[in-house]
Each structure stands twice: as structure tokens, then as C-alpha cells.
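Below is one structure; the comments refer to it alone.
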Amino acid sequence: MNTCSEKTLRRASTHDCQPTLSDTEVLELLKNGYLRLEGVVPDHINRRVVKYCDAHPDLLYMNGILHEDWFVEEVMKNREVAGAVRSLLGKDFHLPVQMVNHRVKCPIASVGGWHIDGNYNYTHELNFLQVFYYPQDTPIEMGPTQLVPGTHLVRQKSRFMGHLGSIKNTVSTAASAGSVFITVYHIWHRRPSSTITATRNLLKYFYWRTQLPERDWVVDPNFDFATADYESPAASLVEQFRSAVKVAEMFLWLCGKHEMFQNLGGQSFPLPVPRTATPYGFPDGLKKE
């Protein structure tokens, strides 16, 4: 893994806290590509954020807010958000150094194209996370971002996605004020149309890993690597069983056990098929802990 240089880390602002996600919750994020945290930022902070956005309506890069202590403590280091990020990126994760506000005036009849944000790195490693934060109530009528669950597992380039229209099983990020969506960076997403007169603020920012991965989140002693369900919503978009294989590799990497990962083909681990015994090809040493 390529971590930041020592010189960079000395300048970086990092944070540590207690992890909050369990084995199953970590695995679910890897399968779906996102985690929804509903209304976790307090209302008085949401109102303050909206006031700040209104005072800087023309700024796409709203980096000044990163110097506001109240924002750093209540949004960047929010207990629920930071606990989830800590579970996924490990100790002393790197706090955001850029804040983007996708502020739009609704209604907008047009629909944005499906895309993957630029400079992504398609890999089984999870070294950074993209976060969406809505400081105001954002119902479906305001055109909240749409996601396609599992598409972080589908290798694609934005310039080859322009012809795509409606996709089955999309998810809307419509949510109440203070809601946060933690996503794998290269999940497919777009802006849908909006139908009411309103201003929508959507703050986007990133957290980075600074430590090698290890299974130090909330470990469930009953979690069984052999019988866990690794299948993803991306199953219909890739070759049969490939999504389960990809998720299993990501999960073992995140556990600090990537050297144990193997897929021997056929009906071997980690395919989601009924068995009467330990899956063929199940890695030696990978057991309940």
C-alpha cells in the first residue's frame, strides 16, 4: 500500500476515535458501496452551515469552512461519521483538506449524466472515502444525488457512460437535514431532475487512510468468514459470482489478511452457494476469532 510520506503526514490534520461499525456493517458497505447515516449532524449546526453557504453562494470550493472549529468538531469529527470512517480507514485517518459545495437552484428539468468522479483508483484497496452531507432537508423533489449500489465493483470510465439512461435498482440520497452518506469514491452517481423551487446545498469531502489496514473495528466473535454472504447488488452487472469474489478480496484486504485471499474457481470460496461443509478453497488460518 502506498501511504502518505512522513513529511506529508506531519503537515496533515489527522483524527482518531473509537470505531463504531461491526464486521457485518463493514461488509455491507463493501457490498453496496455506501453507508447512510440519517440526521446525525445536530440541527443548530445544520442551520449554521446553511447560513455559511448562503453567505458564499458562488463558491464551489468552500474551503474556508474547514477553518471553523464548530464545523470541524460537529461535522468533520461528528461521532457517528468519524466512528464509521475510523472503522473503514483505521487509526489516525486524514481529515479533509478540501470542501466542495454542489449548490444548485431548483427546479432543474435536466438530468445529469451517470459518472464516476475523476482521478479514481480502481482497486481492492480502500484508502479513501467520499462523503456527501446535506445540511438541509433534501426530499426527492430537490433532486438529491442518485447512486447505483455495487457499481464501485464495476470497472468503467465516465466517457463510456454517457449513453446510459435509467438504471434499475438505483438509490436516491433523499434525506433529512444533517444526513451523511459515506461512499466508495468510484460508485456511479448522477444528479436527477428537481421539481420544486428551492436551493440545494450538497457538501462533498474526503477522508484518507494513513495506516495499514487491520481488523480493529467492532469485531463480532461469531462472525464466520466461511459462511458470510459476500454477494453484492452488482451481481447483475458483472460476470456471474465476480462481485462476491471482488467483495471478499476487499474485505480480507481491509482485515489485513489479503495474503490469505484466494479464489480457486468453480464453486470455491467465496461463492454464495449452499454447502454441507467448509467451502472448497477456504483459506487456511481464516477462521472465527
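The values are calculated or read from the model by the stated rules, or taken from the named source; none is laboratory data. Please read all numbers here as calculations on a predicted model, not as lab measurements. Here Cβ is always computed from backbone atoms with ideal geometry, including for glycine, and neighbour counts include all displayed protein chains.
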So is GLN211 modelled with pLDDT under 95, among the polar types (S, T, N, Q), surrounded by 15 or more Cβ atoms within 10 Å (Cβ to Cβ) and in a loop (DSSP other than H, G, I, E, B) or not? no
Residues located in the range 245-262, provided they are without any contact (Cβ under 8 Å) to a residue 24 or more places away in the chain and within 17 Å of ASP224 (Cβ to Cβ): ALA248, PHE261
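For every residue, the table says whether it meets (1) in a loop (DSSP other than H, G, I, E, B); (2) surrounded by 22 or more Cβ atoms within 10 Å (Cβ to Cβ).
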| residue | (1), (2) |
| --- | --- |
| LYS204 | no, no |
| PHE223 | yes, no |
| ALA244 | no, yes |
| TRP253 | no, no |
For the structure I just gave you, tell me whether GLU259 is surrounded by fewer than 22 Cβ atoms within 10 Å (Cβ to Cβ) and under 22 Å from ASP284 (Cα atoms). yes
Taking the range 95-111 and keeping only residues that are touching a helix residue (DSSP H, G or I) at 6+ places or on another chain (Cβ under 8 Å) and either hydrophobic (A, V, I, L, M, F, W, C) or surrounded by 18 or more Cβ atoms within 10 Å (Cβ to Cβ) (or both), one is left with LEU95, PRO96, VAL97, MET99, ASN101, ARG103, CYS106
Can you find a residue in the range 112-121 that is surrounded by 15 or more Cβ atoms within 10 Å (Cβ to Cβ), at pLDDT below 95 and aliphatic (A, V, I, L, M)? yes
Restricting attention to the range 255-289, and to residues there that are farther than 25 Å from LEU89 by Cβ and among the aliphatic types (A, V, I, L, M), which single residue is nearest to the chain's Cα centre (by Cα)? LEU271
